Amino acid sequence: MKKIVPAVLVALSLFSIKAYSQTIRYVSATGTGNGSSWEQASADLQSIIDASLAGDQVWVAAGLYYPIRKANATDVITPLDRDNAFVLKQGVSIYGSFTGTETTLAERSIVNILSGGTGVSILSGDYNDDDLITGAGSTLTFSQNTENAYHVVVAAGIDTNTDNPDTLLDGFVIKGGNANNLQQSITVNNTTITRRNGGGAVCINAQVGFSNLLFTHNSAMIGGGGMYNLGATVNISNSGLLYNYNTHEHGAGGIWNDDTNMVATNLLIANNRGTSATGILNEGVSNSILTNITIVNNYATYFGGGLLNSATMQARNLIVYGNTDGENYDSPNVLNSGTLTFTNSLIQGSGGSTAWDTNFGTDDGNNIDADPLFTDVGNADFSLTADSPCVNAGTNTVYDPGQVPDLSNITIDIIGNPRISNGLADIGAFEHYVPCSLEAPELEDFTFCYGATVADYAPVNYSIVLYDSQTAETPLQSTELLTSGIYYVSQTEGECESERTPINITVTTINAEVVLTDGTLTAAQNDATYQWLRCDNEMPVLIEGATEQSFTPTETGSYFVAVGIGDCIITSNCTAVEVLAINIHRLQNVSVYPVPAKSTVNISLQQETDYQIYNVLGTVVKAGKLMGGTSAVDISTLQNGIYMLRLQGETGEQVVKIVKE
């Protein structure tokens, strides 16, 4: 189950973002309340919309809803009236397909709205719930729909002043509209609405956002079986227009734009039937920008099964394929008499960029003419197979911040998969995406020394990222210091990331403080191992046998201690101690080189001498006897680090630091 929150953000981002006080009202098909909460949800969606003010939200639980109020008289309940519709209101955002328990919008989950199945909110004009729909494309037929509402959704006379908040419909199936009255009209918000256009939705003189919608089984006599837009500004994303019908003349079983500015992204327009221009009709002074849309298997009785443009249109990452018409035009997929530009699109019959047919419009590069290799056309699965020429053939530029329109908030395709997978966008509504098969890593709890960072946690055989909570959106930075507590680890491979595994990380902290009392040095850390050393002109000198928590120096100087707990070792600062001097005879003419040493250290002496090599904890790691002259001592088996070389001869002793690298 995927949360389709990004599509909501997209719909909002393409309009102006403004701050308004906000009230949320609640609707449920079984509600009997006033809409103040889920427990007090109302069943009357239109009355709740009407009660809302600009900036408010309406949350609608999954279920079936019929319009019960006339579009031109929403103050009166008129069951089964064909002029009933759901009328949108300026600045009110209406969200559907909730379970009825959510407290935040982010909790709402939409499971592939294209399926139109359970768990979704359905706005239906089919009062008898008996519409008989058979076939697809050229064989699509409707019957038993004469009692249906003319329009399911109406947006009319909605102020497009940018100082006002935006109007949004999100998360619904819209079905059963039948705009089949050729002559008559009604007036909504001082706007004339004909009963012959826009069975699913009619938008006239309105600025509206639509997202996560399925328009299906709608019909119109003149045009726009799915959606009719006149003098409107429309943003529609992550939606499908499937099995809609234009029955009489003109066309557009899918979308009809007249004098309309439309931004459409991530749409599937398929299996519709019309008289002409069945997929999208763009006319008048319309300006449409289409991105990642699949227009397939639509049929026109006369001409233009896919696109018909006589205005201005930009098409990026589009598939227009398999559309047909009854007049056998040379181009049933695209008919253009206006300004139409294609970029990174698959257009059947166009010749592609290598042999472009200018009758289609302008080739802006990287267009192809080939079989898109859909997954299963017979079962209306128009997703892409791995071998499709559309995979990784789109342009990412359209999603860059600052582009017009700015689509940078769109991060998913029509069914919620990542829009840009493997670094490149695909062509069409569906991104070919192989779901992650990585299992959550199986890891044991781990202990670190103080100062360890996220980068230090690198389990063998895993490439991982670390989070500070199970729901954190971003992983921790590699430079962040680790502290004791529960972390959440996921395995990554390319763009794939597994579920998260909780682990307990313990960070060992050692107190390095030293206290001097009456000539005795005491390490503040209890229950540890200790090795006292002398700070000798920046050359530490290990003090043999000084391995207790307290140490009393017998010689004036500066001293420090190496404190260890487990594998963690920390050294204190040097502390000056003044005591009575004791003469120590030192060996003369001692030379130890090289510094640092890799595998062998050379020691030059004038007499026979015993030697011991200590690590910083005072443990002897190597010992032996040296003759006079220069001797080579093998230290290749020692770990890299600092060691103390103690030399003892008849005339004295000497301690020298060795650095192994």
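The values are calculated or read from the model by the stated rules, or taken from the named source; none is laboratory data. In this text, all values refer to a predicted model and were calculated from it rather than measured experimentally. Methodologically, a virtual Cβ is constructed for each residue, glycine included, from the backbone with ideal geometry; neighbour enumeration extends over all protein chains shown. Only protein heavy atoms, including side chains, enter the accessible area calculation; ligands, DNA and RNA are left aside. Shrake-Rupley method; radii C 1.70, N 1.55, O 1.52, S 1.80 Å.
Quick notes on this structure:
- Averaged over its residues, segment 215-311 has an accessible area of 18 Å² per residue, based on protein heavy atoms and a 1.4 Å probe.
- Computed over the Cα atoms of segment 24-68, pair by distinct pair, the Kirkwood hydrodynamic radius stands at 10.1 angstrom.
- Entry for segment 39-161 at q = 0.11, 0.13, 0.15 Å⁻¹: log10 I(q)/I(0) = -0.44, -0.62, -0.81, Debye formula applied to identical alpha-carbon scatterers, no solvent contribution.
- For Arg419, the residues 5 or more places off, or on other chains, whose built amide H falls under 5 Å of its own are Ile412, Asp413.
- Counted residue by residue at 0.36 nm each, then reduced by the alpha carbon distance between them, the extension gain from Thr192 to Gln607 reaches 138.0 nm.
- Spin-label zone in segment 474-504 - amide nitrogen under 12 Å from a point set 7 Å from the Cα of Val434 along the C-beta vector: 494-496
- For segment 151-303, fraction of C-alpha pairs farther apart than 21 Å, in %: 34
- Label-to-label distance for Asn181 and Thr637 is 10.0 nm, based on points extended 7 Å past Cα in the beta-carbon direction.
- Here's the picture: a label point sits 7 Å out from the Cα of Ala355 along the beta-carbon direction, and within segment 299-326 the residues with their amide nitrogen under 19 Å of it are 320-322.
- Computed [θ] at 222 nm, deg cm²/dmol, the chain (DSSP H ≥ 4; -39,500 (n - 2.57); rounded to nearest 500): -500 deg cm²/dmol
- Seen from every direction in turn and averaged, the convex hull around the alpha carbons of segment 281-335 projects onto 3.5 nm².
- Modelled label positions at Thr362 and Glu473, each set 7 Å beyond Cα in the direction of Cβ, lie 3.7 nm from each other.
- Annotation: segment 109-225 has a Kirkwood hydrodynamic radius of 15.1 angstrom, from the mean reciprocal C-alpha pair distance.
- In the context of the full set of protein chains, residues of segment 482-633 present 55 Å² of accessible surface per residue (probe radius 1.4 Å, heavy atoms only).
- Computed with the Debye formula from one identical point scatterer per Cα of segment 452-542, without solvent, the log10 of I(q)/I(0) at q = 0.20, 0.25, 0.26 Å⁻¹ comes to -0.96, -1.33, -1.39.
- Charge-dipole axis of segment 71-213 as Lys and Arg at +1 and Asp and Glu at -1 on Cβ define it, positive-most pick from Val153, Asn212, Ala136: Ala136
- Under 5 Å between amide hydrogens, built in the peptide plane, is the criterion, and for Asn178 it picks out Ala149, Tyr150, His151, Ser219 among residues at least 5 positions away or on other chains.
- Cα centroids of segment 378-449 and segment 179-225: 34 Å apart.
- Treating each Cα of segment 490-629 as one equal point scatterer and applying the Debye formula with no solvent, the log10 of I(q)/I(0) at q = 0.09, 0.12, 0.21 Å⁻¹ comes out as -0.43, -0.66, -1.31.
- Contact order relative to length of segment 88-215, as percent, for alpha carbon pairs under 8 angstrom and 6 or more apart: 30
- Surface composition of the chain: carbon and sulfur make up 48 percent of the accessible area, probe 1.4 Å.
- The shape of segment 602-660 can be summarised by an equivalent ellipsoid whose semi-axes, obtained from the alpha carbon gyration tensor, come to 20, 12, 9 Å from longest to shortest.
- Residue by residue, segment 86-93 carries 3J(HN,Hα) couplings of 8, 9, 6, 10, 3, x, 9, 9 Hz when phi is fed to the Karplus relation 6.51 cos²θ - 1.76 cosθ + 1.60 (θ = phi - 60°); x denotes Gly or Pro.
- Projected-area average for the chain over all orientations - Cα convex hull basis, square nanometres: 40.6
- Quotient of C-alpha Rg and 2.2 N^0.38 Å, computed over segment 497-539: 2.05
- Net charge of Cβ neighbours under 10 Å - reference Pro553; Lys, Arg +1; Asp, Glu -1: -1
- Interchain or long-range residues, amide H under 5 Å from Ser383's placed H: Thr375, Asp376
- The chain: relative contact order as a whole-number percent, Cα under 8 Å and 6+ apart: 6
- Within the chain: Cβ-based charge dipole about Cα centre, in debye rounded to nearest 20 (Lys, Arg +1; Asp, Glu -1): 640
- Efficiency of FRET between Glu444 and Val595 - r from beta-carbon atoms, R0 41 angstrom, step 0.05: 0.55
- At 0.692 mPa s and 37 °C, Stokes diffusion of segment 310-365 via Kirkwood alpha-carbon radius, µm² per second: 287
- Rg to Rh quotient for segment 421-483, alpha carbon positions, Kirkwood Rh: 1.10
- Selection from Ile635, Val616, Asn246 lying farthest towards where the dipole of the chain points positive, charges on Cβ: Asn246
- Equivalent-ellipsoid semi-axes of segment 552-654, from the Cα gyration tensor, Å, largest first: 25, 22, 11
- Whole-Å semi-axes of the ellipsoid equivalent to segment 46-114 (Cα gyration tensor, √5λ, descending): 24, 15, 9
- Cα-only radius of gyration and Dmax that characterise segment 352-427, units Å: 14.2, 40
- For segment 410-427, Karplus couplings with θ = phi - 60° (6.51, -1.76, 1.60), whole Hz, Gly/Pro x: 7, 10, 10, 8, 5, 10, x, 7, x, 5, 10, 10, 6, x, 9, 6, 8, 8
- Shape category assigned to segment 248-377 from the gyration tensor of Cα positions, a/c cut at 1.5: rounded
- Overall form of segment 311-438 per C-alpha gyration tensor (a/c, 1.5; a/b vs b/c): oblate
- Segment 394-404 - phi-based ³J(HN,Hα) in whole Hz, Karplus 6.51/-1.76/1.60, Gly and Pro as x: x, 10, 7, 4, 5, 9, 6, x, x, 6, 10
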